[in-house]
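I have a structure here, written as structure tokens, and I will follow up with some questions on it.
The values are calculated or read from the model by the stated rules, or taken from the named source; none is laboratory data. The structure presented is a predicted model; accordingly, all values stated were derived computationally and were not measured. Glycine also receives a Cβ, built like all others from the backbone with ideal geometry; neighbour counts cover every protein chain displayed.
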Amino acid sequence: MEYKITHFLKLIAEENRLKILCILNKEKEVCVCSILEELNLPQNLVSHHLKVLKDFDLISSRKEGRRIHYSINRKEINKYNKLLDKILK
């Protein structure tokens, strides 16, 4: 459990990944093109951060034609919120 929470905190400590989570938290679902615009980063860097978040199951994606739409995995985020609550109490 400690390993998972430590890894989670390191993962979201990276500024761009935290920004992506904040962007996704505002909307139910966001196209990758909107994330690119908001972050003003190269596509390959944004793709890397999205992959890291997806591999940790913090976000999910679905393809619609040529576009990929991302959303927060609320169940997983809530799990980490509960773990943090336990640790910080």
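Show the residue pairs meeting these rules: Cβ distance below 8 Å; 6+ apart or different chains; first residue within the range 73-89 and under 15 Å from Ile59 (Cβ atoms) and of a type in the set (D, E, K, R); second residue assigned to a helix (DSSP H, G or I) and modelled with pLDDT of 90 or more.
none
Go through (1) free of Cβ contacts under 8 Å to residues at least 40 places away in the same chain; (2) of a type outside the set (Ser, Thr, Tyr); (3) closer than 21 Å to Arg66 by Cβ and name the single condition Lys28 misses.
The failed condition is (1).
Taking the residues in the range 33-76 that are among the aliphatic types (A, V, I, L, M) and in contact with a Lys or Arg (Cβ under 8 Å, 6 or more places away or on another chain) as candidates, determine which candidate is nearest to Glu15 (Cα to Cα). First the steps, then the outcome.
Applying the first criterion (among the aliphatic types (A, V, I, L, M)) to the range 33-76 yields 35-36, 39, 41, 45-46, 50, 52-53, 58-59, 68, 72.
Then drop every residue that is not in contact with a Lys or Arg (Cβ under 8 Å, 6 or more places away or on another chain), which leaves 39, 52-53, 68.
On the way: Leu39: 10, Val52: 13, Leu53: 13, Ile68: 22 Å.
Out of the qualifying residues, it is Leu39.
I would also like to ask the following. Quick check: is even one residue across the range 43-58 closer than 22 Å to Asn78 by Cβ, out of contact with any Gly (no Cβ under 9 Å at 6 or more places or on another chain) and β-branched (Val, Ile, Thr)?
Checked the range 43-58: at least one residue is closer than 22 Å to Asn78 by Cβ, out of contact with any Gly (no Cβ under 9 Å at 6 or more places or on another chain) and β-branched (Val, Ile, Thr).
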